[in-house]
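The values are calculated or read from the model by the stated rules, or taken from the named source; none is laboratory data. Small disclaimer: the values here were computed from a predicted structure and weren't measured. Quick reminder, even Gly has a Cβ in these numbers, built from the backbone with ideal geometry, and neighbours come from all protein chains shown. To get the accessible areas, we keep the full protein, side chains included, count just its heavy atoms, and leave off ligands, DNA and RNA. Shrake-Rupley method; radii C 1.70, N 1.55, O 1.52, S 1.80 Å.
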Amino acid sequence: MNDLRDKVVVVTGAARGQGAGEVAALLDAGACVVACDRAWPADHLTGVGVHAEKHLLRRELDVADPAAWSALAVELAGQFGTIHGLVNNAGIALRSRLGEVEIEAWNRVFAVNATGPMLGIQTLSTLMPPGSSIVNVGSLAAVTAHAAIAYTSSKWALRGLSRVASMQLGERGIRVNLVNPGFIETPMTAAAPEIFRQANLKNSAMPRAGTVGDIVPVVLFLLSAQSAFIT
């Protein structure tokens with residue numbers, strides 16, 4: 001059982017899709033969740049219940065903004081003293097090919113998908129005691145080649161970041177893991193052309209698209225004490 005009672009976990013990209021699923025599951029596991037996103041829908045997790053709502057803090061956060069991360073760290077240090085988990089879930093997709101991608105779009109994808117997790121790890125790891133866990137949400141694109149050049153390259157960068165962070169933070173007893181889902185049915189992927197969806201499924205070992213429910217248990221396991229020797 002993934003018992004996360006008395007643990008404080010920060011989740012980025014928490015307003016929808018995988019992030020919202022992770023927040024709901026963490027609340028069910030007893031964690032206090034700091035859910036971060038750039039904007040919040042009015043109906044976000046409306047059915048979590050009074051008890052869970054007391055353990056849920058929603059914060060607006062642009063993961064590409066160093067000052068926003070610093071402000072969040074100061075707030076959490078004052079309120080909790082320590083945090084025990086970080087899920088770098090925020091990400092954006094850009095499907096431009098190599099010959100089409102514009103530098104502004106390339107930079108924005110990297111800012112959210114790679115720089116954002118780096119800033120989160122750099123800032124919040126200072127509040128983490130031994131036994132804490134960081135989970136980066138990557139993609140099948142991080143281990144293969146996809147036509148979407150900016151997205152794919154940013155996820156490869158996140159893979160490298162995860163390796164380095166696990167090596168350096170391991171000395172402090174902090175685990176860092178990278179989850180690389182295949183094609184997952186979320187609001188972000190709903191807008192993808194069918195040809196893109198089929199191409200992704202061909203690269204997957206499973207004969208179907210994944211769901212948020214397929215990924216969330218993996219993230220919770222990596223945040224829990226059950227994965228104490230996995231990094």
Per the Cauchy relation, a quarter of the hull surface: what is the mean projected area of the convex hull of the alpha carbons in the chain, in nm²?
12.4 nm²
Taking the chain as a Gaussian network, Cα atoms linked when under 10 Å apart, which of Ile121, Ile92, Ile103 shows the biggest mean-square fluctuation?
Ile103
Is it possible to state the helix-based mean residue ellipticity at 222 nm for the chain, with each DSSP H run of 4+ residues giving -39500 (n - 2.57), the sum divided by total residues, to the nearest 500 deg cm²/dmol? What is it?
-12000 deg cm²/dmol
From Cα pairs below 8 angstrom and at least 6 apart in sequence, can you work out the relative contact order of the chain, rounded to a whole percent?
21 percent
Which order do Thr211, Thr12 take by accessible area at a 1.4 Å probe, largest first?
Thr211, Thr12
Using 10 Å bins from zero, what percent of all Cα-Cα pairs in segment 1-135 falls into each bin?
12, 42, 32, 11, 3, 0
Dipole moment magnitude, nearest 20 debye, the chain about Cα centre, only Lys, Arg, Asp, Glu C-beta charged
480 debye
